[in-house]
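Chemist: The following block contains the structure, expressed as structure tokens.
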Amino acid sequence: MIKAIFIDIDDTLLSFSGYVKQAMKDGFRKFGFKEYDETMYQTFNEVNSGLWRQIEDGSLTFSELKKIRWNMVFKELDIDFDGEKFEEYFREELSHSAIVEPGAYKMLEYLSKKYVLCAASNGPHDQQINRLRIGKLYDFFDYYFISESVGAQKPSREFFDYCIKKLREDGMDGLLPEEIMIIGDSVSADMLGGKQYGIKTCLYNVNNKYSVKGEEADYMVNSLLDTMNIL
């Protein structure tokens, strides 16, 4: 029986891709770059996804990502500008952004009445907490497991060790991994991390990224509201 739910933040509860597109559009105008178009987001997504995979496997730190991400993007887009300066703008704007995914509020309202809810996110602690507050999602959660404060990233075992130890210390003594489900959009972070630890997994197929559910997850939903049919 499921007792606790871990829920990812970016592109699960809050639309990171929606934020990026708006930030690029506004930022390119602000700094006098060429006009933004949708192909530029694809360039960002390819660069960013590759860097986060390196963070997940431990070959890159978040601090290093911040120094190189936009320089790599600008190189691909043939934009001559200081990527670190744009990163500062990008992160400042992100801290005050909360584009809530469709169905997120209703899903959390339902799940919070039945389970212990834990936000489980890779990223800066204060930024992610502030975004949950802005999106009016913060109060649904009992715990906030953010990689910066945990000291480990999903999908590492250390991340889940920390989370489960904390839950057991706070009264869920004897909690087993199979009594937890993780909901998230990332196969490499959320699903892999959960599977390796013995946690039930539910892949949120945001924007129909995946054509069919493979062995990566126990469940796949195309809408967050569909989780209410599983849990």
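The values are calculated or read from the model by the stated rules, or taken from the named source; none is laboratory data. Note that this is a predicted model, so its numbers are computed, not measured. Cβ atoms come from the backbone with ideal geometry, glycine included; neighbour counts cover every protein chain shown. These area figures cover heavy atoms from the full protein model, side chains too; ligands, DNA and RNA do not enter into them. Shrake-Rupley method; radii C 1.70, N 1.55, O 1.52, S 1.80 Å.
Chemist: Considering only the range 81-114, state which residues are open to solvent by 80 Å² or more (accessible area, probe 1.4 Å), in a loop (DSSP other than H, G, I, E, B) and either within 17 Å of residue 16 (Cα to Cα) or in contact (Cβ under 8 Å) with a residue 24 or more places away in the chain (or both).
Modeler: 96, 102, 114
Chemist: With respect to residue 109, is the statement that it is among the acidic types (Asp, Glu), out of contact with any Lys or Arg (no Cβ under 8 Å at 6 or more places or on another chain) and within 14 Å of residue 227 (Cβ to Cβ) true? Quick ask: steps written out before the conclusion?
Modeler: Details: among the acidic types (Asp, Glu): yes; out of contact with any Lys or Arg (no Cβ under 8 Å at 6 or more places or on another chain): yes; within 14 Å of residue 227 (Cβ to Cβ): yes.
Considered against the rule, which asks whether it is among the acidic types (Asp, Glu), out of contact with any Lys or Arg (no Cβ under 8 Å at 6 or more places or on another chain) and within 14 Å of residue 227 (Cβ to Cβ), residue 109 comes out as yes.
Chemist: For the range 38-72, name all the residues that are open to solvent by less than 20 Å² (accessible area, probe 1.4 Å) and of a type in the set (Phe, Trp, Tyr).
Modeler: Once the filter is applied, which keeps residues that are open to solvent by less than 20 Å² (accessible area, probe 1.4 Å) and of a type in the set (Phe, Trp, Tyr), the range 38-72 yields 44, 70.
Chemist: Any residue that is farther than 17 Å from residue 207 by Cβ and touching a strand residue (DSSP E or B) at 6+ places or on another chain (Cβ under 8 Å) - is there at least one of those in the range 7-23?
Modeler: yes
Chemist: Also: Among 209, 213, 200, 166, which is the only one that is modelled with pLDDT of 95 or more and exposed (fewer than 15 other Cβ atoms within 10 Å of the Cβ)?
Modeler: Working: 209 fails: modelled with pLDDT of 95 or more; 213 fails: modelled with pLDDT of 95 or more; 200 fails: exposed (fewer than 15 other Cβ atoms within 10 Å of the Cβ).
Unique residue meeting the criteria: 166.
Chemist: Determine, yes or no, whether residue 76 is free of Cβ contacts under 8 Å to residues at least 40 places away in the same chain, out of contact with any Lys or Arg (no Cβ under 6 Å at 6 or more places or on another chain) and either over 29 Å from residue 151 (Cβ atoms) or open to solvent by less than 70 Å² (accessible area, probe 1.4 Å) (or both). Lay out the reasoning, then the answer.
Modeler: Numbers: free of Cβ contacts under 8 Å to residues at least 40 places away in the same chain: yes; out of contact with any Lys or Arg (no Cβ under 6 Å at 6 or more places or on another chain): yes; either over 29 Å from residue 151 (Cβ atoms) or open to solvent by less than 70 Å² (accessible area, probe 1.4 Å) (or both): yes.
Considered against the rule, which asks whether it is free of Cβ contacts under 8 Å to residues at least 40 places away in the same chain, out of contact with any Lys or Arg (no Cβ under 6 Å at 6 or more places or on another chain) and either over 29 Å from residue 151 (Cβ atoms) or open to solvent by less than 70 Å² (accessible area, probe 1.4 Å) (or both), residue 76 comes out as yes.
Chemist: Scan the range 158-204 for residues that are under 15 Å from residue 3 (Cα atoms) and among the aliphatic types (A, V, I, L, M) and report the count.
Modeler: Total satisfying the criteria: 10.
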